[in-house]
Amino acid sequence: MKESELELRLVRGVSRLGGRAYKFVSPGNAGVPDRLVILPGGRIIFAELKADTGWLSKMQRYQISQLRRLGAVVQEVRGEAGVQSFLLLCQEYMREADIP
């Protein structure tokens, strides 16, 4: 499955949970994650999507490490199974925040 199709599935899944998955573009900052996911309850997650055969570039690895160093939650979402796992993680975060 292509990365664009995975991204659409993630966006739709997050929307069904009541959240938003904004396309994250930061001019002058190559390699930032694809999506900025905001869940009910205020949890924010950066998501970098990859097809099953995709790989992170050096810049993507750098940006992810910088975000994590600052305390941000960043998830690499790989393939269709990764999208499903990510959505389950979102549900878990919402349960922790006591969001039905």
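The values are calculated or read from the model by the stated rules, or taken from the named source; none is laboratory data. The model shown is predicted, which means the values in this text are computed figures rather than measured ones. Neighbour counts run over all protein chains shown; Cβ positions are idealised from the backbone, glycine included.
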**Report entry** Selection from the range 77-98 of residues that are touching a strand residue (DSSP E or B) at 6+ places or on another chain (Cβ under 9 Å) and either farther than 21 Å from Arg61 by Cα or assigned to a helix (DSSP H, G or I) (or both)
**Finding:** Gly79, Gly82, Val83, Ser85, Phe86, Leu89, Cys90, Tyr93
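When you go through Arg43, Arg68 one by one, which is the residue that is of a type in the set (Lys, Arg) and closer than 16 Å to Gly18 by Cα?
Arg43
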Query - Scan of the range 19-52 for residues that are over 12 Å from the mean Cα position of the chain (by Cα) and among the hydroxyl-bearing types (Ser, Thr, Tyr), ordered by number - result: Ser26
Requested in this report: Would you check if there is a residue in the range 69-82 being acidic (Asp, Glu) and at pLDDT 95 or above?
Outcome: yes
Query raised in the report: Scanning the range 9-18 for residues that are within 12 Å of the chain's Cα centre (by Cα) and of a type outside the set (Val, Ile, Thr), which turns out farthest from Glu92 (Cα to Cα)?
Result: Arg9
Query raised in the report: Restricting the search to the range 37-53, which residues are within 13 Å of Val83 (Cβ to Cβ) and of a type outside the set (A, V, I, L, M, F, W, C)?
Result: Glu48, Lys50, Asp52
Query raised in the report: Out of the residues in the range 13-70 that are assigned to a helix (DSSP H, G or I) and touching a helix residue (DSSP H, G or I) at 6+ places or on another chain (Cβ under 7 Å), which is surrounded by the fewest Cβ atoms within 10 Å (Cβ to Cβ)?
Result: Gly13
Query - the range 61-100, residues that are out of contact with any Gly (no Cβ under 9 Å at 6 or more places or on another chain) and basic (Lys, Arg) - result: Arg68, Arg69, Arg95
Requested in this report: Assess whether Gln75 counts as being within 16 Å of Phe24 (Cα to Cα), polar (S, T, N, Q), surrounded by 14 or more Cβ atoms within 10 Å (Cβ to Cβ) and under 12 Å from the mean Cα position of the chain (by Cα).
Outcome: yes
Report task. Output the residues belonging to the range 16-36 that are over 21 Å from Gln84 (Cα atoms) and either touching a His at 6+ places or on another chain (Cβ under 8 Å) or not β-branched (Val, Ile, Thr) (or both). Result -> Ser26, Pro27, Gly28, Asn29, Ala30, Gly31
